[in-house]
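**Student:** Here it is: the structure, laid out below.
Derivation of every value follows stated rules applied to the coordinates shown; laboratory data play no part. Model, not experiment: these values are computed from the prediction. When we count neighbours, we look across all protein chains shown, and the Cβ atoms used for this are built from the backbone with ideal geometry, even at glycine.
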Amino acid sequence: MPMHFIALFFLSFALSALHCSAFAQAATDPPVKFDVPVFVAANEVPAEAAQYEASADQLMQVVIPVSSEIHPQAKQTINTFRFDVFWNQAAFPVQDYSPRTQTFSSIQGEIATETVQETKSGLGLNLNADLQSFVSGEASAETGTSDSVKRNFKRLPDQSILVASGSSHRGTGVFFRFHRSSQTSLEGGRELMVRFQVPRGWRAGVLRVNCFAVGTTAFMGGWENPYEASRTFVVPVYRGGDQRAKAAAVRFAEAEQRLRLAWRSYQAARSKSKPLSFSTFLVSTSSSPRKLPSQWAHFLIQTGNDDYLEQYRNRLPADLEDAAESFVAARETLYELH
């Protein structure tokens, strides 16, 4: 292989790597910033069928505003947003949701199409004689007909998916997928509506909202390098008009924020601590607490599982333990309302 080709290859590779590194650096600012409210109200839907009038269940409608801000360097690389909405603990069936699946076409109206079919028939005769022959001569005759048939029709233009939505989690959750198009913008705010069938007297619960952004970047001038950015939120939901339930949702949100701040302080302190010498490490290992998992606080908040507190309690500093206990207590209060 010629040396100049090898040098050109490594130069292209270095430039591509530099581009990816610059994009990754810009993404410390993540490619997309998602946001949802700290709590939302669920409103009762009037009975639309006799089965709900006489049953022990009712319909509650939840509208979750979701906003997204795309980093300038990622605007042309993000292709799809996906949002998953489902319960964090108790699960209730989904009866309706919006937006529903939608398609679009860049062509308005129908497409006119014309086809032409042509047929020919004929008879020909040619006589040829030797030039030295006295009776040499040439004669030809040809008759024929030509028919053409034109067919005109219209067809619908091809459709592309703009929004796709459907049930998830065995019918107790919903997914919404939004695709980039020339007609709409992925960036901005949108509302996700879900109607759940809940027992009468239901007062509060916790929904989980998973947000995903999927995109592709060009690598080495031609290869596509897919990537994904995500963010998960827990959103306390309370029955509209129930002040006690709303107060519990507010307490949940405040306790979550306090726990996240305590967790950030813990991680900052750990990152600033100087590495121990080998001799100091041997002496202190038996007495020092083990490091917490890097996603410990997120697991405790998002899964709804209190075991993450009990399992790691002996590793927690006092302020972090206090914040975790306050959050778990606020969550239990909210769960007990329904």
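**Student:** What spacing in nm lies between the two simple spin-label points modelled at residue 73 and residue 191, each 7 Å away from Cα in the Cβ direction?
**Tutor:** Inter-label distance under the simple model: 3.6 nm.
**Student:** Please report 84, 319 as a ranked list, fewest other C-beta atoms within 10 angstrom at the top and most at the bottom. Show your work: numbers first, answer last.
**Tutor:** Values: 84 18, 319 13.
Least crowded to most crowded, the residues run 319, 84.
**Student:** Residue 232 to residue 45: FRET efficiency via 1/(1 + (r/R0)^6), r the Cβ-Cβ distance, R0 45 Å, to the nearest 0.05? Spell out each step's value before the answer.
**Tutor:** Working: r = 27 Å, r/R0 = 0.61.
According to the calculation, E is roughly 0.95.
**Student:** Tell me, what ³J(HN,Hα) does each residue in the stretch 166-178 have, in order and in whole Hz, if you take phi through Karplus 6.51 cos²θ - 1.76 cosθ + 1.60 with θ = phi - 60° and put x for Gly and Pro?
**Tutor:** So the Karplus estimates, Gly and Pro as x, are x, 7, 8, 6, 6, x, 10, x, 9, 10, 10, 10, 10 Hz.
**Student:** Shifting gears a bit: Add +1 for every Lys or Arg and -1 for every Asp or Glu among the other residues with Cβ under 12 Å from the Cβ of residue 41, and state the total. Show your work: numbers first, answer last.
**Tutor:** Working: positive: 203, 239, 246; negative: 44, 242.
Net of charged neighbours comes to +1.
**Student:** So, one more: By count of other Cβ within 10 Å, fewest leading, how are 252, 86 ordered? Walk me through the numbers on the way to the answer.
**Tutor:** Details: 252 26, 86 20.
Placing the least packed residue first, the sequence is 86, 252.
**Student:** Compute the label zone of residue 336 within the stretch 209-252: residues whose backbone N is under 16 Å from the point 7 Å along Cα-to-Cβ.
**Tutor:** 244-252
**Student:** Multiply the residue gap between residue 298 and residue 244 by 0.36 nm, knock off their C-alpha separation, and tell me the result in nm, one decimal place. It would help to have the intermediate numbers written out before the result.
**Tutor:** On the way: separation 54, 0.36 × 54 = 19.44 nm, distance 2.67 nm.
Stretched fully, the residue 298-residue 244 segment lengthens by 16.8 nm.
**Student:** I've got another one for you. For residue 272 and residue 172, FRET efficiency with R0 = 41 Å and r from the beta-carbon atoms, rounded to 0.05? Intermediate values should be presented prior to the final figure.
**Tutor:** Values: r = 44 Å, r/R0 = 1.06.
Step by step, r from the Cβ atoms, then E = 0.40.
**Student:** Near the amide H of residue 71, under 5 Å away, which other amide H atoms are found, from residues 5 or more places off or on another chain, if H is placed in the peptide plane?
**Tutor:** Hits under the 5 Å cutoff: 32, 33.
**Student:** A further question on this structure: At a Förster radius of 30 Å, what calculated FRET efficiency corresponds to the Cβ-Cβ distance of residue 321 and residue 90, to the nearest 0.05?
**Tutor:** On the way: r = 27 Å, r/R0 = 0.91.
Computed FRET efficiency for residue 321 and residue 90: 0.65.
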